[in-house]
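Engineer: Can you read through this structure? Questions will come right after.
The values are calculated or read from the model by the stated rules, or taken from the named source; none is laboratory data. Because the structure is a prediction, the values reported are computed rather than measured. Reconstructed Cβ throughout: ideal geometry from the backbone, glycine too, with neighbour counts over all protein chains shown. Only protein heavy atoms, including side chains, enter the accessible area calculation; ligands, DNA and RNA are left aside. Shrake-Rupley method; radii C 1.70, N 1.55, O 1.52, S 1.80 Å.
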Amino acid sequence: MGFLRSRRIRWTRAIALGACMTLGAPLLAACGSGSDSGSGGRQVVVADYGGVTDEGYKAAYFKGFTQQTGIKVVTASADMARYIAMAKAGTSQWDTIDADGFAVVDMTDRGLVQKLPDSVPRSDTVTGKYRDYSAGGYTQSFVLAYRKSAFKTAPTSWADVWDTKKFPGKRGWPNYYIGTAEAALLADGVQGSGLYPLDFDRAFAKLDKVKSSLTIYDSYAAVTQGLQAGSVDMALLPNGRAAVLAKDDPDIAIMWEQNIFYPWSGFTIPKGAPNAEGMAKLLTYMQDPKRQAAFAEQTYYGPTLKAAYDLIDAKVAAELPGTPEHKALAVTVDTLALAAQTDEYIKRYSAWVAK
């Protein structure tokens, strides 16, 4: 989205486009955008979010897969609402979508995705029954990135983000809900083990207290640009975005304390996929430790196969989520609990940003 750049806002369209989910296939075009469509046969269509993840997929997976099988991989601009609508109608233009774990849980529980064939290796991180419906994608954390020169001491907790006396200056904040209520509750003293289900009243009351110090950006790209330019001194970001910044600018550091760790994303095959057989072959190709290691080295997002960690360059591995060191500092997202609260989360956050 780059990584996650529009995943969150497009997921919110699932609410606005709820009516589209009841329409037949001929009307689905009105619910989506773009001309991309799957033709089956010798191609598969993967909906993703562009940027670093798209570059990583092409380098680590798609190019080699096409060379090996002759099956072309076409990418489409991901839109979760559209994916759901097409799957509900049973006639999809896409063969898969890059999806967060909680989105996979929701789609699986609603019967919108196909069970994977036995030929697709199961992920080490995808949990429970969802392992049979989703191949592993990657792991990620939401972290605080900050300018070292802006503060006398380094921030070490989300409470420090709310401490505007000790840590003055503007904070960059995304116009997406992911990680925001969690960060606020942690800042308010909630322990990671007691974070879910999320107490939205408490979270948004806490967010109100810091809102005047926030610069809310429309995209993660804009957040990173603001931090890079010095318009803000700290920002909530996906770890991959933060890692790229820190690599290019020695004044940028990452606060791994209380990193908000998402233990898996996944790839599903929707009902009515144009080339489910070809997609299963691609998912099998992607469930390979060497290829997942190559993807991690390009994107700084972690693998979903444990064996891949042993193959990743040590300098890159030190910046990945899911390492023992970073997991020891992490608050791990409860995927099932978050799936149950997502619709309310979106509505509450959108209302909070707008007021």
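Engineer: Which of the numbered conditions does PHE3 fail, given that it passes all the others? Conditions: (1) open to solvent by less than 10 Å² (accessible area, probe 1.4 Å); (2) out of contact with any Phe, Trp or Tyr (no Cβ under 9 Å at 6 or more places or on another chain); (3) at pLDDT below 50.
Structural biologist: In the conditions (1) open to solvent by less than 10 Å² (accessible area, probe 1.4 Å); (2) out of contact with any Phe, Trp or Tyr (no Cβ under 9 Å at 6 or more places or on another chain); (3) at pLDDT below 50, PHE3 misses (2) alone.
Engineer: Which of the residues spanning the stretch 82-106 are of a type in the set (A, V, I, L, M, F, W, C) and closer than 25 Å to LYS58 by Cβ?
Structural biologist: As a first pass, look at the stretch 82-106 and keep what is of a type in the set (A, V, I, L, M, F, W, C): 84-87, 89, 94, 97, 99, 102-105.
MET86, ALA87, TRP94, ILE97, ALA99, ALA103, VAL104, listed by residue number.
Engineer: Name the residues in the stretch 26-54 that are open to solvent by 30 Å² or more (accessible area, probe 1.4 Å) and either at pLDDT 90 or above or aliphatic (A, V, I, L, M) (or both), would you?
Structural biologist: Residues satisfying the conditions are LEU27, ALA29, ALA30, ARG42, GLN43, VAL52.
Engineer: Give me the helices (runs of 4 or more DSSP H) completely within the stretch 30-143, filtered to those with at least 1 residues that are in contact with a Cys (Cβ under 9 Å, 6 or more places away or on another chain), ordered by residue number.
Structural biologist: 80-89
Engineer: Could I ask something else about it? Among the residues of the stretch 260-280, how many are among the polar types (S, T, N, Q) and surrounded by fewer than 24 Cβ atoms within 10 Å (Cβ to Cβ)?
Structural biologist: Of the residues in the stretch 260-280, 1 are among the polar types (S, T, N, Q) and surrounded by fewer than 24 Cβ atoms within 10 Å (Cβ to Cβ).
Engineer: Which of the following residues is more than 22 Å from TYR217 (Cα to Cα) and under 20 Å from the mean Cα position of the chain (by Cα): PRO289, PRO321, PRO238, PRO274?
Structural biologist: So the residue among PRO289, PRO321, PRO238, PRO274 that is more than 22 Å from TYR217 (Cα to Cα) and under 20 Å from the mean Cα position of the chain (by Cα) is PRO321.
Engineer: On to the next question. Select from the stretch 298-323 the residues that are open to solvent by less than 10 Å² (accessible area, probe 1.4 Å), in a loop (DSSP other than H, G, I, E, B) and not polar (S, T, N, Q) and list them in ascending order.
Structural biologist: TYR301, PRO303, LEU320, PRO321
Engineer: Then there is this: Give the residues of the stretch 324-338 that are among the hydrophobic types (A, V, I, L, M, F, W, C), open to solvent by 20 Å² or more (accessible area, probe 1.4 Å) and under 20 Å from ASP199 (Cα atoms), sorted by residue number. So that I can check it myself, show each step before the final result.
Structural biologist: Here is the first cut: in the stretch 324-338, the residues among the hydrophobic types (A, V, I, L, M, F, W, C) are 328-331, 333, 336-338.
In the following step, the residues that additionally are open to solvent by 20 Å² or more (accessible area, probe 1.4 Å) were identified as 328-330, 336-337.
ALA330, LEU336, ALA337, listed by residue number.
Engineer: Then there is this: Would you mind finding the one in TYR57, TYR83 that is crowded, with 21+ Cβ neighbours inside 10 Å and more than 28 Å from GLU344 (Cβ to Cβ)?
Structural biologist: After applying the criteria, what remains is TYR57.
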